[in-house]
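Report on the following structure.
The values are calculated or read from the model by the stated rules, or taken from the named source; none is laboratory data. Quick caveat, the model's predicted, so the values are computed rather than measured. Cβ atoms come from the backbone with ideal geometry, glycine included; neighbour counts cover every protein chain shown. Just so you know, the surface numbers come from the protein's heavy atoms only, side chains and all, with ligands and any DNA or RNA stripped out. Shrake-Rupley method; radii C 1.70, N 1.55, O 1.52, S 1.80 Å.
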Amino acid sequence: MINDKNLTTYSTSDVVHYYQYLQQLQPAEETIIQLLKPKLPTMKMLDLGVGGGRTTQHFFPLVKDYIGVDYSSAMINACQQRFNQSYPSITLMVGDARNLSDFEDNSFDFILFSFNGIDYISHEHRLKVLQEISRIGKSGGYFFFSSHNLQAIEKQFNWKYHLSFNPFKTYVNLIMFAFLRGFNASLTYQTIQQNQYAILRDESHNFRLQTYYIRASEQIKQLEPLFKDIKVYSWKTGLELTTNHERMSCSDMWLYYLCCFH
Ligand SMILES: C[S@@+](CC[C@H](N)C(=O)[O-])C[C@H]1O[C@@H](n2cnc3c(N)ncnc32)[C@H](O)[C@@H]1O
């Protein structure tokens, strides 16, 4: 179960500061911006979990309408400060992806939930959020998001993976392994291997976040009833993973998913 300690972490000044200064698009986001470029000028976009506005500066100038939403008011304040000079007309709102009832059916051509923002809510809420996103998305439009890859973290729960020919590297790796196991005492290598998704505390922001990790095959299963034309992209290379084998063997810490609204 994920509780709102994640919101507390995303409202903490060091974390807000970190996101406020991020600039670069990730490789899979570059791929998608190129793919959608001809359509963006006619699109109404919802940037969910906008954080400090890393994606805003890339998408706002290209789309017809843009709304950025985040459940952390500290993130929205940071984002407003960042853009109040350059984009005075921008709409940035405090709002929770778990309650999208303010938005009407078929409202958006493009919904982005970037940099794994969807991974900070519970499993039940995740399924509800996916359903709500499919409701507010317009037919022919797109939903694009990333999520942590369970298969990538799995091996980090196995001590053997941390051994190296370099004794110093082995030492550092084993310390990180001890932290990972210490913060996730109820999870073992075997339990992770047997599961399709897991909620755990990883090293990002010093183990302060509870993060949802999922296998690509399971993520596709969650999406299939709600969306069509589901595609998976490597976070690192930005290339599409077209076969099951590629998706199952990819060790990127997170994967991007593009799908279309019915
Ligand atoms: C990893 S940060 C990414 C920020 C930004 N999208 C980026 O790519 O730099 C995840 C963001 O999702 C937001 N978030 C997490 N759960 C949310 C929810 N239920 N509703 C709205 N925002 C949420 C967090 O506050 C945080 O700003």
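Among the residues of the stretch 49-65, which ones are open to solvent by less than 50 Å² (accessible area, probe 1.4 Å), more than 6 Å from the ligand (Cβ to nearest atom), of a type in the set (A, V, I, L, M, F, W, C) and in a loop (DSSP other than H, G, I, E, B)? Listed by number, the residues that qualify are PHE60, VAL63. Consider the stretch 74-92 and keep the residues that are open to solvent by 80 Å² or more (accessible area, probe 1.4 Å) and not in a helix (DSSP H, G or I). The one that is nearest to MET45 (Cα to Cα) is SER89. In this entry, SER13 passes the filter for residues that are closer than 19 Å to GLN210 by Cα and more than 9 Å from the ligand (Cβ to nearest atom). Taken over the stretch 100-112, residues that are buried (at least 23 other Cβ atoms within 10 Å of the Cβ) and within 13 Å of the ligand (Cβ to nearest atom) amount to 2. Output yes when any residue across the stretch 152-165 is open to solvent by less than 50 Å² (accessible area, probe 1.4 Å) and either part of a strand (DSSP E or B) or closer than 30 Å to HIS262 by Cα (or both), and no when none is. Looking through the stretch 152-165, none of the residues is open to solvent by less than 50 Å² (accessible area, probe 1.4 Å) and either part of a strand (DSSP E or B) or closer than 30 Å to HIS262 by Cα (or both). On the stretch given as the stretch 113-153, residues that are in contact with a His (Cβ under 9 Å, 6 or more places away or on another chain) and within 14 Å of the ligand (Cβ to nearest atom) total 2. Check the stretch 211-224 and report whether any residue there is over 30 Å from TYR142 (Cα atoms), open to solvent by 10 Å² or more (accessible area, probe 1.4 Å) and in contact (Cβ under 8 Å) with a residue 12 or more places away in the chain. No: the stretch 211-224 contains no residue that is over 30 Å from TYR142 (Cα atoms), open to solvent by 10 Å² or more (accessible area, probe 1.4 Å) and in contact (Cβ under 8 Å) with a residue 12 or more places away in the chain.
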